[in-house]
Structures are given as C-alpha cells and as structure tokens.
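Peer 1: So that we are looking at the same thing, I have put the structure below in structure tokens.
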Amino acid sequence: MSEQKYKQQRLIAVTMESLMPQDHFLRKLDETVDMSFIYDVMRPLYGMRGRPSIDPVVLVKMLLIGYLYGIDSERKLEQEIRVNIAYRWYLGLDLEERVPDHSTLSQNRRRRLKGNAIFEEIFLRIVRMCMDCGLVSGESIAMDSTHVKANADNNKRETVTVMQEPRAYLKKIEADVCALEAEKSSGKKRGAKPKQKNLDVRETEEVKSPADPDCGMLARPGKPKGFHYLCHQSADTKSGIITDIHVTAGNRNDHECCADRIKEQVSRGLAVKEFVGDKAYDVVEIHHSLTEMGILVYTAERPVNEGFRRSGIAVDQFLFDKEKNSYVCPGGEVLALSYYAREHGQIFAVYQSSERACKKCPHRPICFSATRKTRKLRRLYGVEYMEASRKLTGTKRYQYLQRRRRVVCEGNFAYMKDNSNLRRTRKRGLENATEHCLLCAIALNLRKLVKQTGYSSPYFFVDSLIILFFR
C-alpha cells in the first residue's frame with residue numbers, strides 16, 4: 001500500500017483549451033450557438049460613460065449554466081464556477097481570473113434588467129434559431145401548464161378583495177349577443193350598431209400571500225395545495241422545442257390565456273394549423289377563438305356533468321336545428337329562441353316551448369315538473385364550434401397528437417423540474433417568476449438544439465424510447 005507524502009506544488013504550463021474535454025456538452029453548445037447577439041440586446045441598457053462593465057455575455061452565460069446544470073443558488077453558482085474548468089472555459093475565464101461575484105448577478109437583475117423583458121428577447125432569439133434550423137415548423141402546437149412552488153409560506157395568508165375584469169373574449173361575445181338581441185327586438189338588420197351592455201367588474205375574494213401577492217393559492221385535485229405560480233408552455237409537437245412561455249398565478253385556469261398566447265405566436269411568424277391540449281382546454285372559448293383563426297382543435301373531452309341532467313327527458317334527446325336556430329323535442333314540438341341569459345361570465349341562449357303545445361303533449365308528465373308550464377333549454381353561446389371540433393375526437397390524427405402532447409409537454413416539464421430548477425422559484429413577483437421560467441425554457445431549448453446537431457444527450461434517451469413505443 002502506498003501513501004501520498006507530497007502536495008501538488010509543481011508549476012505546469014497548461015491552457016484552458018487543453019483542459020477542456022473534447023466531448024463536453026458546453027463545447028458543443030459553444031460551437032452550435034453564437035451568443036454574440038446578446039450584445040445587441042443589452043447595448044441600450046448601458047451608458048456611454050463610467051468604468052468598464054462586466055461582459056454582458058458572461059453574465060447571461062453564468063445564469064444559463066445555473067439552469068443547464070440545476071444550480072438554483074447564485075452564491076453556489078459562483079462557487080461552482082471557481083472550481084469547474086468546463087464552466088470557466090465556457091465563460092472565457094482563465095484559471096487565475098476572478099469569477100464575477102454573485103451580487104453582480106442580483107444587482108444587474110434588479111437594476112439594469114428589471115422591466116426590460118431581456119430574457120424574453122433572448123428566448124425568442126433562441127426559438128428563431130431553432131426555426132432557421134428547421135426544428136420548429138409551428139404547424140402543430142401543444143399547450144399545457146405546470147405548477148411552480150412560490151417562495152412563500154403557506155401558513156401565512158390573508159384574504160383580500162380583488163377586482164376581476166371580464167376577458168376580451170367575454171366582451172366580444174357580449175357585443176355579438178347585444179347585436180342579436182337588438183335585431184330580434186326591433187327587427188332591424190344585422191348591419192345596425194346597437195349599444196353594447198357594460199360588463200360589470202366583479203369583486204371576488206382571494207387568498208393571498210403577504211410575502212408574494214402575485215402568486216396564487218393552488219387548489220386542484222391531485223396537486224399540492226399551497227402558493228404556486230403556473231407556467232404555461234407551448235411546444236412544437238414534432239421537435240418538442242418550447243415556442244412560448246407565459247406565467248400566471250396558481251389560482252388561474254389554464255384556458256384563460258390560451259387563445260391570446262396562440263395569437264401571439266402567430267404574430268411571431270408561426271403558421272399554426274393544429275392545437276392540441278388536455279381536457280382543461282375543452283371549453284367553448286378555446287374552440288370558438290381558435291376555430292375562427294383557422295386552427296383545428298384537438299382537445300380531450302371533459303367528463304359529462306351528470307348533475308346537469310335533471311329528471312325527465314334528458315337534454316341530449318332534443319334535436320337542434322342549426323338552420324332555424326331551434327330545438328325539436330321528442331314529441332315533435334319546436335322550442336324557439338326566447339332570450340339570452342348571463343351567468344358566471346357566460347352567455348346562454350334560452351329556448352322555450354309554447355304553453356299550448358306542452359299542455360296537450362303526452363310526454364308532459366315526464367318532461368318537466370308539474371309547477372312549470374313550458375320546457376326550457378339552455379345552450380351555451382358558441383357551443384357549435386366545440387361540437388365541430390368533437391368530430392375530430394377518435395381519429396388517428398387525434399390519437400397521435402395526444403400521445404405527442406404527453407411526451408412533449410409533460411416530458412419537458414419533468415426534465416425541467418429534475419434538471420433546470422422548475423420545481424420552485426426563489427424569486428418573488430410575477431416578473432421574476434417569468435424570468436425564472438424563461439431561463440428554464442432557454443436551457444431546455446439549447447439542449448435540444450445541440451442534440452439535433454449530432455450531440456447525443458443521455459437525458460433524451462428515454463424520450464426517444466417513448467416515441468418509438470407509441471408509434
């Protein structure tokens with residue numbers, strides 16, 4: 001048995017290039033992605049006077065190293081870069097050169113980068129690189145959300161009253177319904193411009209965190225209860241490249257921001273033709289908005305609400321006549337459009353039968369209760385768009401896209417939570433949480449971009465097996 005008696009005190013002439021392994025991921029990343037575009041993005045944030053600053057590319061690369069290798073603490077990131085030769089090589093720092101202090105990162109984020117959407121611009125530049133390489137066609141987009149633990153104590157909470165304004169979609173259909181009501185009541189043509197009713201701003205009570213008021217209390221079945229953010233992700237179904245990131249409070253619904261995010265991606269140059277989502281997106285608003293944009297909607301169907309089915313003849317036994325905009329009951333009587341009802345931010349068309357026809361109908365004892373004189377049916381405004389999309393359910397294309405959605409969206413979330421700090425955020429505030437999720441997405445897109453150029457990463461071996469299995 002030998003024992004080491006001396007310390008490492010020899011002077012050896014080496015270069016960083018010789019110490020950096022040839023097959024290291026950061027070497028492939030440096031060869032694949034040119035980060036010099038960061039100078040153009042950051043130049044408006046720097047003055048013309050004063051002492052020389054730290055290279056902005058070095059600062060951004062430091063943050064990317066933390067998200068590429070799951071280092072969620074900036075203090076720990078500084079310590080790791082000091083002793084890791086690969087990190088130093090990627091940043092362009094020699095062995096004797098000092099690593100930028102962790103406070104430099106935090107102060108630049110608080111003072112220079114705050115409110116400038118710099119990381120969103122970097123994310124979009126990376127997506128554009130993927131599009132130029134042919135990795136993103138944008139024809140088929142999958143969307144899903146995942147919860148991100150907020151930096152807030154779940155036991156410290158307060159109930160506050162917030163003002164909730166109606167969304168743009170509700171304002172749009174309210175205008176359409178007001179036009180139909182004016183036409184029905186006055187007999188004017190559709191070209192008339194009736195006055196739109198004012199949608200009331202509702203007051204609701206929400207549970208908030210005093211430390212981070214922007215996050216929300218997540219209370220979904222099967223999810224951890226507490227203060228969270230929701231990271232809404234859009235991804236190309238073929239390559240899995242993330243094309244859009246949007247962050248909301250944890251108590252928001254998934255479908256509320258869906259249509260706006262798809263419109264935003266279309267404005268960036270993505271020719272979206274298909275949308276795929278889980279049952280959380282199976283709402284009339286999504287089917288209506290996306291269908292009008294010429295996009296096919298493939299969503300998993302929500303389970304039927306059995307509580308809506310009352311005793312007697314079920315609603316689905318009434319036939320809807322689209323041309324005449326009326327229902328026909330099993331007895332052959334017509335239920336004409338009577339009026340529009342507003343309830344919980346939704347608009348229903350109410351169809352009602354005549355009292356004379358129902359009085360003589362043999363199905364009356366089983367159709368409705370004895371206290372009522374007519375039968376009424378409610379139809380959600382715009383539900384015909386959902387019914388048209390439901391015809392795609394069960395097709396081979398639907399099954400393929402739903403399998404790809406599970407692989408792409410849920411696979412991306414699983415990878416980012418295990419390797420890119422997406423499980424929780426140390427930062428507080430919606431802007432900082434958005435920056436956190438954007439950096440997670442940038443790190444994943446960079447790995448996928450390098451992988452497509454010939455680099456084989458062990459993290460994506462399981463993804464390839466899943467794709468082969470479902471095919």
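Peer 1: Using a Förster distance of 56 angstrom, determine the FRET efficiency expected from the C-beta separation of residue 268 and residue 7, and round it to 0.05. All intermediate terms of the calculation are to be shown ahead of the outcome.
Peer 2: Working: r = 57 Å, r/R0 = 1.02.
Once rounded, the FRET efficiency stands at 0.45.
Peer 1: Among 318, 227, which comes first, second and so on when ranked by fewest other beta-carbon atoms within 10 Å? List each step's numbers first, then the result.
Peer 2: Working: 318 17, 227 25.
By the 10 Å Cβ count, ascending, the order reads 318, 227.
Peer 1: Scan around residue 251 for amide H atoms under 5 Å from its own, H built in the peptide plane at 1.01 Å from N, and keep only partners 5 or more places away or cross-chain.
Peer 2: Under 5 Å from the amide H of residue 251: 216, 217.
Peer 1: Does anyone have the angle between helix 74-83 and the longest principal axis of the chain? Alpha-carbon axes, 0 to 90°, nearest 10?
Peer 2: 40
Peer 1: For n ≥ 4 DSSP H runs only, could you compute -39500 (n - 2.57) per run for the chain, divide by its residues and tell me the 222 nm figure to the nearest 500? Mind showing how you got there, number by number?
Peer 2: Working: 18 runs with 177 residues, N = 471.
Calculated from helices alone, the mean residue ellipticity at 222 nm is -11000 deg cm²/dmol.
Peer 1: On to the next question. Between residue 430 and residue 204, take the C-beta separation as r, use R0 = 25 Å, and let me know the FRET efficiency to the nearest 0.05. All intermediate terms of the calculation are to be shown ahead of the outcome.
Peer 2: Details: r = 18 Å, r/R0 = 0.74.
My answer for the efficiency is 0.85.
Peer 1: Rounded to whole Hz and in sequence order, give me ³J(HN,Hα) for region 42-59 from the Karplus expression 6.51 cos²θ - 1.76 cosθ + 1.60, θ = phi - 60°, writing x for Gly and Pro.
Peer 2: Values per residue, Gly and Pro as x: 8, 4, x, 8, 10, x, 9, 10, x, 6, x, 8, 6, 3, x, 5, 5, 5 Hz.
Peer 1: Given the Cα-Cα distance of residue 380 and residue 414 and 0.36 nm per residue of separation, how much length would full extension add, in nm? Walk me through the numbers before you get to the answer.
Peer 2: Working: separation 34, 0.36 × 34 = 12.24 nm, distance 3.64 nm.
This chain segment gains 8.6 nm when fully extended.
Peer 1: Subtracting the Cα-Cα distance from 0.36 nm times the residue separation, let me have the gained length for residue 159 to residue 324 in nm, one decimal. Could the numbers behind the result be given before it?
Peer 2: Working: separation 165, 0.36 × 165 = 59.40 nm, distance 4.86 nm.
Length difference between fully extended and current span is 54.5 nm.
Peer 1: What distance in nm separates the two pseudo spin-label positions at residue 211 and residue 95, each 7 Å out from Cα along the beta-carbon direction?
Peer 2: Inter-label distance under the simple model: 4.3 nm.
Peer 1: In addition: Identify all lysines with a Cα-Cα distance to residue 396 below 17 Å; exclude those on the same chain that are fewer than 8 residues away in sequence.
Peer 2: 238, 273
Peer 1: Another question about this same structure. For residue 172, which aspartates and glutamates qualify as cross-link partners when the Cα separation must be under 19 Å and same-chain residues fewer than eight apart are set aside?
Peer 2: Result set, ordered by chain and number: 181, 183, 200, 256, 260, 264, 285, 292, 343, 384.
Peer 1: What is the chain's relative contact order, in percent, from Cα pairs under 8 angstrom and six or more apart in sequence? Intermediate values should be presented prior to the final figure.
Peer 2: Details: 650 pairs, mean separation 86.8, N = 471.
Worked out over the chain, it gives 18 percent.
Peer 1: Order of 259-270, 116-127 by packing, highest average Cβ count within 10 Å first?
Peer 2: On the way: 259-270: 16.0, 116-127: 18.7.
Put in order of decreasing packing, that is 116-127, 259-270.
Values quoted throughout were computed directly from the atomic coordinates according to the rules given, and no laboratory measurement underlies them. Keep in mind the model is a prediction, meaning the values are calculated, not measured. No Cβ is skipped: glycine too gets one built from the backbone with ideal geometry, and neighbour counts run over all protein chains shown.
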